[in-house]
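Just below is one structure, and these are the notes that go with it.
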Amino acid sequence: MAKATVNKIISFSCVDGPGNRSAVFLQGCGFDCRYCHNPETIHACIHCGECVKYCKPGALTTKNERVNYDITKCVFCDECFRHCPHGASARTRELTAEQVMREVRRNLPFIRGITVSGGECTLWRDFLLELLSLAKAEGLGTLLDSNGSYEFSKDSELMTVTDGVMLDVKAWEREDHLRVTGCDNACVLRNLDWLARAGKLTEVRTVVVPELFDCRQTVREVSALLAKLGCLDARYKIIRYRPMGVREQYKGLTPPAEDFLQELAGIAAGYGLKDVVVI
Ligand code: SF4
Ligand code: SF4
């Protein structure tokens, strides 16, 4: 069975898709968003050992030049990744899909589905396929939370076990997207189009940072495309940038004003989108 580096499993979440769900967060992301609120999920741990001395309960130990994590001793104080100089976390576990499902099965009476997030969950494609297949066998709904860097249209096997994708559209213009994430957005926009046509687009999310990109244009173009494709029921989540958790060097970004967020929501609603939320 394929393994993935699992950052955390949340038994019950009502913010990672519709209804009560278990959410699984995988480590690693190819984007480097300036406003990332969980920068410790971006890189893989290189086992330098720096964080071990900050772990007072002894959940982190070093053996054979590797840092090991014992979840039973962890008090989730976050001291380890606050002191990691590499944007990583040693508070992770290498788990098979079946091991993850063993934890999710305990929640079965209380959840309607699972959402796999990150980091960027599609970096672990084979693991995803196994995990979502197991979840389907339990009668659970399955959602992926993605930055759109994976070509979903070319993976019919994965899409067969995926009910929907919650897709980040971080900026419409290529140059803007490069400034926000360090990466091109051609694949993201192909996914937006393809997922909407395939009936697999559950949600689009845009984090609003007026200094970084043309937010009006992004919301307008996304909404116009969804309207053109008749995908009016997908939720469009317009997310207020907040500095909490953001890396020190990017903390100077200014959160948007409430009236600007409402203006953006109005643009989306003006195209006929039925489920526009500002959070
Ligand atoms: S989490 Fe960071 S500080 Fe800790 S061992 Fe890994 S790379 Fe080093
Ligand atoms: S969060 Fe990190 S530092 Fe805190 S107890 Fe857990 S492993 Fe140790």
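With the charge dipole of the chain set up from +1 on Lys and Arg Cβ and -1 on Asp and Glu Cβ about the Cα centre, the Cα lying farthest toward the positive end among the listed residues Leu189, Cys231, Trp124 is that of Trp124. In the chain, the DSSP-assigned H stretches of four residues or longer account for a calculated mean residue ellipticity at 222 nm of -8500 deg cm²/dmol, using -39500 (n - 2.57) per stretch and the full residue count as denominator. Report the Cα centroid-to-centroid distance between the range 128-180 and the range 13-48 in angstrom, as an integer. Value for the Cα centre distance between the two parts: 14 Å. Taking every Cα-Cα distance in the chain and sorting them into 10 Å bins from zero, the calculated P(r) comes out as 7, 28, 34, 24, 7, 1 percent.
Taking all protein chains as shown and a probe of 1.4 angstrom, Asp70 keeps an accessible surface of around 50 Å².
Taking each residue as 0.36 nm, the span from Phe12 to Val75 lengthens on full extension beyond its C-alpha to C-alpha distance by 20.8 nm.
A cut-off under 13 angstrom between Cβ atoms defines the neighbours of Lys237, and their net charge, with Lys, Arg +1 and Asp, Glu -1, is -1.
Each label was represented as a point 7 Å from its Cα along the Cα-to-Cβ direction; for Ser133 and Glu175 these points are 4.6 nm apart. Karplus-based coupling profile of the range 14-25, in residue order and whole Hz: 10, 10, 10, x, x, x, 7, 9, 8, 10, 10, 10, with θ = phi - 60° in 6.51 cos²θ - 1.76 cosθ + 1.60 and x standing for Gly or Pro.
Phi-derived couplings, Karplus 6.51 cos²θ - 1.76 cosθ + 1.60 at θ = phi - 60°, listed residue by residue for the range 72-81: 5, 9, 6, 10, 6, 7, 6, 4, 4, 7 Hz, with x used for Gly and Pro. Tell me which of Ala198, Gly148, Thr162 sits at the most positive position along the dipole axis of the chain, charges placed on C-beta atoms (Lys, Arg +1; Asp, Glu -1). The residue sitting farthest along the positive end of the dipole is Thr162.
Among the listed pairs Lys136/Lys170; Lys200/Lys274; Lys170/Lys200; Lys3/Lys251; Lys8/Lys237, those whose Cα-Cα separation exceeds 27 Å are Lys136/Lys170; Lys3/Lys251. Here the range 34-176 is treated as an ellipsoid with the same Cα gyration tensor; its semi-axes, largest first and in whole Å, are 29, 22, 13.
Rg over Rh for the range 148-191 works out to 1.04, both radii taken from alpha-carbon positions and Rh defined as the Kirkwood radius. Three principal axis extents of the range 139-279 based on alpha-carbon atoms, in descending order, are 43, 32, 31 Å. Applying 1/(1 + (r/R0)^6) with r as the Cβ-Cβ distance of Asp214 and Thr254 and R0 = 22 angstrom yields a FRET efficiency of 0.90.
The values are calculated or read from the model by the stated rules, or taken from the named source; none is laboratory data. Remember, predicted model here, so these are calculated numbers, not experimental data. Note that we place each Cβ from the backbone using ideal geometry, even for glycine, and neighbour counts take in every protein chain shown. For the accessible areas, the whole protein counts, side chains as well, though only heavy atoms, and no ligand, DNA or RNA atoms are used. Shrake-Rupley method; radii C 1.70, N 1.55, O 1.52, S 1.80 Å.
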